[in-house]
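Have a look at the structure below, then the notes.
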């Protein structure tokens with residue numbers, strides 16, 4: 001199995017650790033400032049960050065398990081553990097989002113309006129800068145190493161940045177006289193958390209159920225059909241295990257080729273796909289072309 005895949009999983013851990021440290025710090029500060037200085041939106045944002053700590057830990061654990069090499073019970077390795085951890089993280093986010101919405105709606109129904117102070121606005125402003133910085137780092141790292149769980153964590157970082165930005169707007173709205181602004185912002189925060197959780201859930205389940213993008217299949221087809229010696233591409237199947245692709249290709253070749261030349265075509269296909277997809281295990285099946293018999 002590719003050594004580079006395991007190296008990339010190790011790099012992904014650094015992104016997960018940065019997320020955990022950031023969320024721990026922000027959750028602690030927001031919850032304290034939100035309670036002391038009367039901001040439902042900041043409390044909701046703090047709860048959001050607190051659940052993000054849990055989901056980031058899930059991602060980190062998943063990445064650690066993914067790094068385990070293949071064994072007799074896991075012949076394809078443990079790469080899907082990364083996706084399972086992403087799935088668990090989405091459930092945690094969903095629960096947190098629903099609770100935030102319920103908490104805020106109750107306050108709105110019973111007219112429990114409070115006016116936050118400038119301390120809460122400063123806290124939200126600092127949070128915006130931190131979360132966008134963490135997103136930028138994790139998203140670029142995720143693209144570089146093709147990590148689905150780290151990409152999910154980065155998108156969560158981005159949504160948290162916008163949540164904090166919305167929190168800042170809501171706090172200012174309440175301070176200048178729109179008394180419901182803080183609570184309405186808390187509801188919006190909860191909805192954003194739910195929306196992000198659903199998106200992450202759909203992406204993870206798509207891959208776990210062996211889903212693969214049509215564009216990827218078309219790209220593989222274009223690569224294989226242009227390999228010297230390939231007459232026709234009969235079938236392509238693929239699935240992802242997180243950072244690594246498993247691709248099955250059936251092609252037709254001249255039936256008069258000897259074993260060595262047939263093997264050379266197989267090697268060319270494997271190398272071409274590895275070059276374009278970085279980490280992939282390719283199984284090539286050769287069939288005699290009917291028109292050449």
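Every read-out reported here was derived from the displayed coordinates using simple, explicitly stated rules and does not represent laboratory data. A quick note: this is a predicted structure, and the numbers were derived from the prediction, not measured. When we count neighbours, we look across all protein chains shown, and the Cβ atoms used for this are built from the backbone with ideal geometry, even at glycine.
On the basis of the beta-carbon distance and an R0 of 45 Å, residue 68 and residue 232 show a calculated FRET efficiency of 0.70.
Do the sum for the chain: with -39,500 (n - 2.57) for every DSSP H run of n ≥ 4, divided by all residues, what is the mean residue ellipticity at 222 nm, to the nearest 500 deg cm²/dmol? Each step should come with its number before you reach the end.
Numbers: 8 runs with 205 residues, N = 293.
Calculated from helices alone, the mean residue ellipticity at 222 nm is -25000 deg cm²/dmol.
Taking 0.36 nm per residue of sequence separation and removing the Cα-Cα distance, the residue 13/residue 261 pair yields an extension gain of 85.0 nm.
Counting alpha carbon pairs within less than 8 Å and at least 6 residues apart, what relative contact order, in whole percent, applies to segment 3-208?
Values: 348 pairs, mean separation 60.5, N = 206.
That works out to 29 percent.
Here r is the Cβ-Cβ distance between residue 29 and residue 219 and R0 is 35 Å; the resulting FRET efficiency, rounded to 0.05, is 0.15. Shown here are the Rg and Dmax of the Cα trace of segment 214-292, at 12.3, 40 Å. Annotation: average projected area of segment 12-99 is 5.9 square nanometres, based on the convex hull of Cα atoms across all directions.
At 0.36 nm per residue, and after removing the present C-alpha to C-alpha distance, how many nm does the segment from residue 114 to residue 178 gain when stretched out fully?
On the way: separation 64, 0.36 × 64 = 23.04 nm, distance 1.08 nm.
Contour length minus the Cα-Cα distance gives 22.0 nm.
Quick check on the exposure proxy: order 103, 91 from fewest to most C-beta atoms within 10 angstrom.
Working: 103 17, 91 14.
Least crowded to most crowded, the residues run 91, 103.
In this label model, residue 250 and residue 283 are separated by 1.2 nm, measuring between points 7 Å along each Cα→Cβ vector. Rounded to the nearest 5, the antiparallel percentage of DSSP beta bridges internal to segment 214-292 is 45%.
Looking at the chain alone, DSSP beta bridges between its own residues are antiparallel in about 50 percent of cases. Fully extending the segment from residue 195 to residue 126 would add 22.4 nm, taking 0.36 nm per residue of separation and subtracting the current Cα-Cα distance.
Any idea what diffusion coefficient segment 3-208 gets from Stokes-Einstein, in µm²/s, Kirkwood Rh on alpha carbon pairs, 10 °C, 1.306 mPa s? Stokes-Einstein gives a translational diffusion coefficient of 92 µm²/s.
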